[in-house]
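Engineer: Can you keep this structure in mind? I'll have questions shortly.
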């Protein structure tokens with residue numbers, strides 16, 4: 001059967017949607033320690049929070065008594081307990097459906113230590129807010145979140161229920177959406193993609209934005225209230241990053257929320273009115289390098305290219321309207337999944353960039369950007385093409 005131009009394929013390529021589950025089923029035996037060792041001066045701790053926003057109903061259920069719950073995982077500079085093993089990558093398999101492919105990684109360990117004490121220092125750490133890709137999870141970019149924590153950042157990752165993979169909250173309560181379903185396909189690939197993008201723009205993007213801003217409010221409270229995070233967060237230095245629609249959310253937050261000082265987008269097409277208005281904050285956009293249209297029959301490729309051209313126009317308009325510094329990095333030999341942990345788990349073609357090398361480059365540029373705009377540390381990575389990372393195609397638009 002020939003591959004049709006279907007919205008599920010187009011949106012997955014650009015937005016990290018549910019086809020990743022199919023890729024998970026193709027995984028070979030998964031190593032128990034797939035993540036590169038941490039490179040920063042700190043060991044890393046991780047823990048989770050389950051917060052309820054009493055001011056909002058749960059948009060994906062019809063029960064008016066349901067309140068929106070926002071689960072957040074955090075990675076932070078820590079002192080590792082003596083003799084402790086690093087935390088499991090998938091801490092609670094019961095959050096996922098019985099047949100979920102996510103359970104294929106249940107034996108994987110990351111580098112962080114569960115509930116480790118904060119590193120002993122005299123100063124607070126800058127804060128990063130991470131948002132995952134559509135249909136994924138709060139821990140799907142562990143390659144980056146814990147790595148940045150080892151470099152002295154506190155990284156909070158927001159789980160967006162309703163457009164993720166979990167079916168239970170951490171306390172075991174079932175989560176069963178019964179409204180706001182993804183639009184059904186009609187067979188007209190281009191039209192279906194546009195309808196789906198409109199649905200993602202409203203209501204999904206608006207729900208995610210409210211989740212993220214609520215999480216920021218709770219982070220402020222963590223720094224104020226008694227507990228292990230009290231006084232450890234530098235709330236004057238907050239950045240945001242994410243993958244796919246989560247990366248787009250970060251760029252939008254840089255327009256909407258004055259607490260955000262800088263934004264990095266890991267290969268996400270833009271949503272929201274930042275596409276027309278731009279932002280005053282510095283932005284770094286990453287792009288994958290594989291031509292998406294090659295995944296389709298030749299007759300369908302013009303439609304894919306048309307959709308991609310729309311996305312590129314949104315990027316260029318946002319860039320033109322922005323008053324903050326703007327950077328873009330394209331990585332040849334990568335696809336959309338390379339900006340997540342997924343790249344470490346499924347087979348790669350010989351023409352693709354090694355995923356660990358790709359993650360090294362992504363992390364290096366992401367760190368250089370946040371160090372520049374949150375810590376005032378210059379980096380030659382932001383001044384032109386790099387001899388350390390010749391694979392990366394770098395462009396910049398500095399503002400006066």
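Engineer: Which is assigned to a helix (DSSP H, G or I), without any contact (Cβ under 8 Å) to a residue 24 or more places away in the chain and under 19 Å from the mean Cα position of the chain (by Cα), of 216, 206, 200, 253?
Structural biologist: Among 216, 206, 200, 253, only 206 is assigned to a helix (DSSP H, G or I), without any contact (Cβ under 8 Å) to a residue 24 or more places away in the chain and under 19 Å from the mean Cα position of the chain (by Cα).
Engineer: Looking at the stretch 103-144, which of its residues are free of Cβ contacts under 8 Å to residues at least 60 places away in the same chain and either crowded, with 24+ Cβ neighbours inside 10 Å or under 18 Å from the mean Cα position of the chain (by Cα) (or both)?
Structural biologist: The answer is 137, and nothing else.
Engineer: Taking the options 334, 323, 366, name whichever one is surrounded by fewer than 17 Cβ atoms within 10 Å (Cβ to Cβ) and modelled with pLDDT of 95 or more.
Structural biologist: Of the residues listed, the single one that is surrounded by fewer than 17 Cβ atoms within 10 Å (Cβ to Cβ) and modelled with pLDDT of 95 or more is 323.
Engineer: Suppose we filter the stretch 295-320 for residues that are surrounded by 16 or more Cβ atoms within 10 Å (Cβ to Cβ), without any contact (Cβ under 8 Å) to a residue 60 or more places away in the chain and farther than 23 Å from residue 395 by Cβ; how many remain?
Structural biologist: Of the residues in that region, 1 qualify.
Engineer: Filter the stretch 390-400 down to the residues that are modelled with pLDDT of 95 or more, outside any strand (DSSP E or B) and touching a strand residue (DSSP E or B) at 6+ places or on another chain (Cβ under 9 Å), then identify the one that is nearest to residue 354 (Cα to Cα).
Structural biologist: Going through the qualifying residues, I end up with 391.
Engineer: Here's another thing I want to ask about it. Considering only the stretch 342-377, state which residues are in a loop (DSSP other than H, G, I, E, B) and touching a helix residue (DSSP H, G or I) at 6+ places or on another chain (Cβ under 6 Å).
Structural biologist: Within the stretch 342-377, 346, 377 qualify.
Engineer: Looking only at residues in the stretch 370-386 that are more than 15 Å from residue 330 (Cα to Cα) and surrounded by 19 or more Cβ atoms within 10 Å (Cβ to Cβ), which one is nearest to the chain's Cα centre (by Cα)?
Structural biologist: Result: 370.
A quick yes/no check of all residues on (1) free of Cβ contacts under 8 Å to residues at least 24 places away in the same chain; (2) surrounded by fewer than 20 Cβ atoms within 10 Å (Cβ to Cβ); (3) not in a strand (DSSP E or B):
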residue	(1), (2), (3)
45	no, no, no
48	no, yes, no
56	no, yes, no
59	no, yes, yes
69	no, yes, no
81	no, yes, yes
85	no, yes, yes
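The values are calculated or read from the model by the stated rules, or taken from the named source; none is laboratory data. Note that the structure is a prediction, hence the values are computed from the model and not measured. Quick reminder, even Gly has a Cβ in these numbers, built from the backbone with ideal geometry, and neighbours come from all protein chains shown.
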